[in-house]
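Encoded as structure tokens, the structure appears first; notes follow it.
The values are calculated or read from the model by the stated rules, or taken from the named source; none is laboratory data. Please read these numbers as outputs of a predicted model, since none were measured by experiment. Cβ atoms come from the backbone with ideal geometry, glycine included; neighbour counts cover every protein chain shown.
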Amino acid sequence: MSSQPPPQPAPVPPPRPAPKRRVRAASDPQPGADKAKVKASPWGWLEIFVVSQTALPALLFVPGSSPIRTPLRASAYVIALIAWYFVAKKAKPKPGTKSFPARPWLIGCAIWIGVSILHPNSYSLVAAIAQAAMYFSVMSPAFWAPSALNAPSQIGRLMMILLVCNALSSIMGILQVFRPETFNPPVIPAMNNVFGGADLMYEGSDGRKIMRPCGLTDTPGGVAPAGLASALTGLCWALLPLPLWKRGMAIFMAFIGIAVIYFTQVRFSFVMLAICFATLTGLLIMQRDMKKAALLSTLAITLVVCAFTVVAMSAGTAMIDRFMTLFTNDPGKLYGDSRGNFIQETFDILIWDYPLGYGMGWWGMINSIFGSPSKPSTVWCEVMVPAWVFDGGIPLLVAYSIAIVITMLDSLRIARTCKAVSYTHLDVYKRQAFNRLVRGDGAGLGVRRRNTAPRRLLHRHRHHDARLPSNREDL
């Protein structure tokens, strides 16, 4: 009987070494650092510019600031040119910063305005240069604002700043109605007109005289544009999925904005607000967002009626009679009797008498600053259409009008094609994904760690990018 060797045990494969975990370096971003970075992006010239449009005129409330009233009012325009200089000096070229479709027409306007400085009938060379500088200041954000946009999260912050600044001015306007001796600006130059300011006041329900509120300006009725912006942006914020108390604050600011328009009795601002509400509702319907369209229209009608009821109790019949003319009178005749006559005069007389312009420096704040009593001006402009003809004739009227129409059409395109996505959260996700891909770690992204991770992530990013705006201005 042969002896057989005992069976040898099967060889055991050596244990696989545990995967080495990469130790986080001090320079690596910490978890959540991308999110914090997006939320805490520093302020830039865009934020400074928006705040300055309220803060600089508000300095007129400082006692003793009357002697520097003119520099303060001019500084709100000058800061746009200052921002242009610093943004152009520091900003690196970015894709999409020159794709704003109205830029060529604005450049044409700027060139023609520069030529019009040499018009033989300009009020003076200094006044003409100042008038041109004002035009350049108004147009300048179209050239420097895209380069100043560093992160999509700035959009929401800018809109919040816009709402808060205009709401503060509107609240000040309400306080001026009920406590004028406390909250009115120290000096109101318009009250020293030939009527002694009587044309800027009306009688309230209690018999006292109410001056059209200034807000954070020194001009009676000057708070009306702030009320319009507060009402519009407030209702837009109220449509977002925010906490209840934030939506309530947005609705309150919108209510204050509508109420202060009633107190100013500026019907034009009320009509523009109604057009904006109707336009936004129409855009939401075009996007097939019927829920938001119904909510916006319901909130707008409710706030308009409630504000009218509340203001009527203190403003009396004067306010009711003035705004009721929007419904009892013929709209065309009403506009023609107010500012429509300026438009009619432009196309009936001015473009034929001054096809290349009347000369620069003859109207507005520029003439009041650089004018002389020995050379009084007979030019009066309350809307920009005749002002364009006086300053640059038919070329400026046509080019500027086309630039505005192109801008409106481009805004319509953006509103129709851009879907509502959270740019902030998408940006955070893509930064975190990129950092983890560089480290070779796909944990937490819902993907495998090896070769499939980059492919799936890139596919996912392409899917999200298809929903993003096509250029920088759309943001």
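Computed values, structure above
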read-out	value
Residue under evaluation MET172, criteria (1) touching a Ser or Thr at 6+ places or on another chain (Cβ under 9 Å); (2) surrounded by 20 or more Cβ atoms within 10 Å (Cβ to Cβ), criterion not met	(1)
Hey, PRO185 in the same structural domain as PRO331 (by TED's automatic domain parsing), surrounded by 13 or more Cβ atoms within 10 Å (Cβ to Cβ) and in contact (Cβ under 8 Å) with a residue 60 or more places away in the chain or not	yes
In the range 366-394, residue nearest to the chain's Cα centre (by Cα) [restricted to those that are free of Cβ contacts under 8 Å to residues at least 24 places away in the same chain and not in a helix (DSSP H, G or I)]	TRP380
Test: residue in the range 280-291 that is under 22 Å from ALA254 (Cβ atoms), in contact with a Phe, Trp or Tyr (Cβ under 9 Å, 6 or more places away or on another chain) and either surrounded by 12 or more Cβ atoms within 10 Å (Cβ to Cβ) or of a type in the set (A, V, I, L, M) (or both)	no
Residue selected from the range 177-230 under the condition among the polar types (S, T, N, Q) and within 29 Å of the chain's Cα centre (by Cα), by the criterion nearest to PHE255 (Cα to Cα)	SER230
Restricting the range 103-143 to residues that are over 20 Å from ALA83 (Cβ atoms) and among the polar types (S, T, N, Q), the residue that is surrounded by the most Cβ atoms within 10 Å (Cβ to Cβ)	GLN131
Checking GLY248 against (1) surrounded by fewer than 16 Cβ atoms within 10 Å (Cβ to Cβ); (2) small (Gly, Ala, Ser); (3) more than 24 Å from LEU303 (Cβ to Cβ), the condition it does not meet	(3)
Filter pass, GLY96 being farther than 29 Å from ASP218 by Cβ and either part of a loop (DSSP other than H, G, I, E, B) or among the aromatic types (Phe, Trp, Tyr) (or both)	yes
Meets criteria (at pLDDT below 95, over 27 Å from the mean Cα position of the chain (by Cα), under 29 Å from ASP199 (Cα atoms) and surrounded by 14 or more Cβ atoms within 10 Å (Cβ to Cβ)) for ALA318	yes
Matching option when the condition is farther than 24 Å from ALA58 by Cα and assigned to a helix (DSSP H, G or I), among SER122, SER170, SER147, SER137	SER147
LEU397 surrounded by 14 or more Cβ atoms within 10 Å (Cβ to Cβ) and under 28 Å from the mean Cα position of the chain (by Cα)	yes
